[in-house]
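Visitor: One structure coming up, written as structure tokens, with questions to follow.
None of the figures in this text is laboratory data; all of them are computed from the coordinates on show. Since the structure is predicted, the reported quantities are computational estimates derived from the model, not experimental observations. We place every Cβ from the backbone using ideal geometry, glycine too, and count neighbours over all the protein chains shown.
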Amino acid sequence: MRALGALLLAGTAMAQAPAGNLKQVMRSVLLPNSNIIFEVQSKIPKNDLEWQTVAKAAIAIQGTPNLILLPGRLRSNGQPVPVQAADYTQFAQALGPAAGKCLKAAQAKSLDAIGNCTDLLSDACDNCHKVYRDRP
Amino acid sequence: MPIRHAIFAAVAELMALGLMVPGTPAFAHHSVSAEFDLSKRITLEGQVTKVEWMNPHVYVYVDVSADGKKANWACETAGPNTLARQGWSRSSLKIGDRITVVGYQARDGSKVASAREVVLANGRKVFVGSPYDGAPQS
């Protein structure tokens with residue numbers, strides 16, 4: 001009975017382990033979705049559907065602070081993501097408001113607002129990379 | 001028309017008219033080491049033909065002559081805010097300015113470079129890379 005309980009607990013822990021390391025999450029979620037937003041600067045959406053794609057990308061990024069602050073995720077170097085570090089948490093959470101501005105900009109189909117939100121988005125990425133991105 | 005809107009519209013028109021050269025880099029967020037060969041340091045000397053002041057990277061286009069041939073290089077720098085913190089603005093470089101760009105060439109061999117340093121005609125040297133983007137800092 002005790003062994004069964006241990007197995008169940010182990011199974012639960014495995015089920016809750018975050019999928020992918022931090023770099024994989026960056027390349028799967030943040031990079032492609034931020035690029036959809038950045039691309040508006042050079043390729044203006046032509047119709048509602050294309051603006052919706054931009055809005056969806058902003059929503060995806062809005063959700064990433066939770067994703068990259070999940071305990072248990074590893075970095076690509078095998079070290080744990082520093083979710084306990086106050087500055088990391090602050091950097092990660094800065095993505096939310098930046099993406100929120102992008103969402104509003106996409107909903108308003110405002111190129112100026114997109115321009116402004118890309119400043120925030122770019123800064124949010126840079127601020128974290130300055131501290132936490134590995135140097136060669 | 002707001003300035004940003006005007007710039008975006010102008011870029012879109014150029015693209016629609018086919019006036020942006022093939023191989024124009026996407027204004028994309030990417031890993032520097034994935035796109036550029038950080039073991040291939042290059043120095044480009046030439047005249048500025050265009051500056052695109054956009055996130056996440058500003059692009060400076062430079063006509064470079066070598067071996068009797070002229071090529072237009074797209075030099076990727078840090079984003080507008082990072083450059084602004086280095087004292088740059090969208091008017092710091094003008095069309096026709098002679099500059100020297102030190103950086104790394106694209107892995108695919110295209111005329112795209114990750115610029116780390118720009119030396120202006122007056123000899124002033126400016127770091128233009130994203131700090132801590134994974135590339136060597138000098």
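Visitor: I need the phi-derived Karplus couplings for region B:103-112: 6.51 cos²θ - 1.76 cosθ + 1.60, θ = phi - 60°, integer Hz, Gly and Pro marked x.
Guide: My calculation for region B:103-112 gives x, 10, 7, 4, 4, 7, x, 6, 7, 10 Hz in order.
Visitor: Just to confirm my numbers, what's the Cα centroid distance between region A:65-136 and region A:15-46 in Å?
Guide: What the calculation gives is 11 Å, centre to centre.
Visitor: So which aspartates and glutamates can A:Lys23 reach, going by Cα to Cα under 17 Å and dropping same-chain residues fewer than 8 places off?
Guide: Hits, sequence-local ones excluded: A:Asp126, A:Asp134, B:Glu35, B:Asp133.
Visitor: When Cβ neighbours within 10 Å are restricted to other protein chains, what is their mean count per residue of peptide A:111-123? Please report the intermediate quantities before stating the final value.
Guide: On the way: counts 9, 7, 2, 4, 10, 2, 1, 9, 6, 2, 4, 11, 6.
Rounded to a whole number, the mean comes out at 6.
Visitor: Tell me the net charge near A:Arg75. Cut-off is 12 Å between Cβ atoms, A:Arg75 excluded, with +1 for each Lys or Arg and -1 for each Asp or Glu.
Guide: Working: positive: A:Lys23, A:Arg73, A:Arg133; negative: A:Asp134.
After counting each charged neighbour, the total is +2.
Visitor: Which one, A:Trp51, A:Pro32, A:Ala124, projects farthest toward the positive side of the charge dipole computed for chain A from Cβ point charges (K/R +1, D/E -1)?
Guide: Positive-end residue among those listed: A:Pro32.
Visitor: Please go through the residue pairs B:Lys50/B:Lys111; A:Lys101/B:Lys125; A:Lys43/A:Lys104; A:Lys56/B:Lys50; A:Lys101/B:Lys94 and name each one whose alpha carbons sit more than 24 Å apart in this structure. Could the numbers behind the result be given before it?
Guide: On the way: B:Lys50/B:Lys111 15 Å; A:Lys101/B:Lys125 35 Å; A:Lys43/A:Lys104 18 Å; A:Lys56/B:Lys50 32 Å; A:Lys101/B:Lys94 32 Å.
Pairs exceeding the cut-off: A:Lys101/B:Lys125; A:Lys56/B:Lys50; A:Lys101/B:Lys94.
Visitor: Give me a comma-separated list of calculated 3J(HN,Hα) values for region B:40-53, in order, Karplus coefficients 6.51, -1.76, 1.60 applied at θ = phi - 60°, integers in Hz, x for any Gly or Pro.
Guide: Here the 3J(HN,Hα) series is 10, 7, 10, 10, 10, 10, x, 9, 5, 10, 6, 10, 10, 8 Hz.
Visitor: Give, in nm to one decimal, the length gained when the segment between A:Lys56 and A:Ala19 is fully stretched (0.36 nm per residue of separation minus the Cα-Cα distance).
Guide: 11.2 nm
Visitor: Also: What list of ³J(HN,Hα) couplings, whole Hz, do you get for region A:51-67 from phi and the Karplus terms 6.51, -1.76, 1.60, once you set θ to phi - 60° and write x for glycine and proline?
Guide: Karplus-based 3J(HN,Hα) across region A:51-67 equals 5, 4, 4, 5, 4, 5, 5, 5, 5, 4, 6, 4, x, 6, x, 4, 5 Hz.
Visitor: OK, next. Give me P(r) over chain A, computed from all C-alpha to C-alpha distances, binned every 10 Å, as integer percentages.
Guide: Whole-percent P(r) values from 0 Å outward: 12, 37, 26, 16, 6, 2, 0.
Visitor: So how do A:67-79, A:120-132, A:38-50 stack up, highest first, on mean other-Cβ count within 10 Å?
Guide: On the way: A:67-79: 14.2, A:120-132: 19.4, A:38-50: 16.7.
By packing density, highest mean first, the sequence is A:120-132, A:38-50, A:67-79.
Visitor: Give the shape of region B:62-124 as rounded, prolate or oblate, defined through the alpha-carbon gyration tensor: a ≥ b ≥ c are the square roots of its eigenvalues, a/c under 1.5 means rounded, and otherwise the shape is prolate if a/b is larger than b/c and oblate if not.
Guide: oblate
Visitor: Which one, B:Ala106, B:Ser91, B:Leu120, is farthest towards the positive end of the dipole of region B:62-123 when Lys and Arg carry +1 and Asp and Glu -1 on their Cβ?
Guide: Going by the Cα projections, it comes out as B:Ser91.
Visitor: Do the sum for chain A: with -39,500 (n - 2.57) for every DSSP H run of n ≥ 4, divided by all residues, what is the mean residue ellipticity at 222 nm, to the nearest 500 deg cm²/dmol?
Guide: -22000 deg cm²/dmol, from helical runs alone.
Visitor: Hey, got the average number of other protein chain Cβ atoms within 10 angstrom for residues in A:126-132?
Guide: Mean number of neighbouring Cβ atoms from other chains: 3.
Visitor: Relative contact order for chain A using alpha-carbon pairs under 8 Å, separation at least 6, rounded to a whole percent?
Guide: The value is 26 percent.
Visitor: Taking R0 as 22 Å, what's the FRET efficiency between A:Val83 and B:Ser31 from their Cβ-Cβ distance, rounded to 0.05?
Guide: On the way: r = 22 Å, r/R0 = 1.01.
That gives a FRET efficiency of 0.50.
Visitor: Let me ask something else. Gain in length, A:Ser28 to A:Ser76, computed as 0.36 nm per residue apart minus the alpha-carbon separation, to one decimal in nm?
Guide: 15.9 nm
Visitor: Over 5 Å intervals from 0, what percent of Cα-Cα pairs in region A:43-123 sits in each interval?
Guide: It works out to 3, 16, 22, 19, 14, 11, 8, 6, 1, in whole percents.
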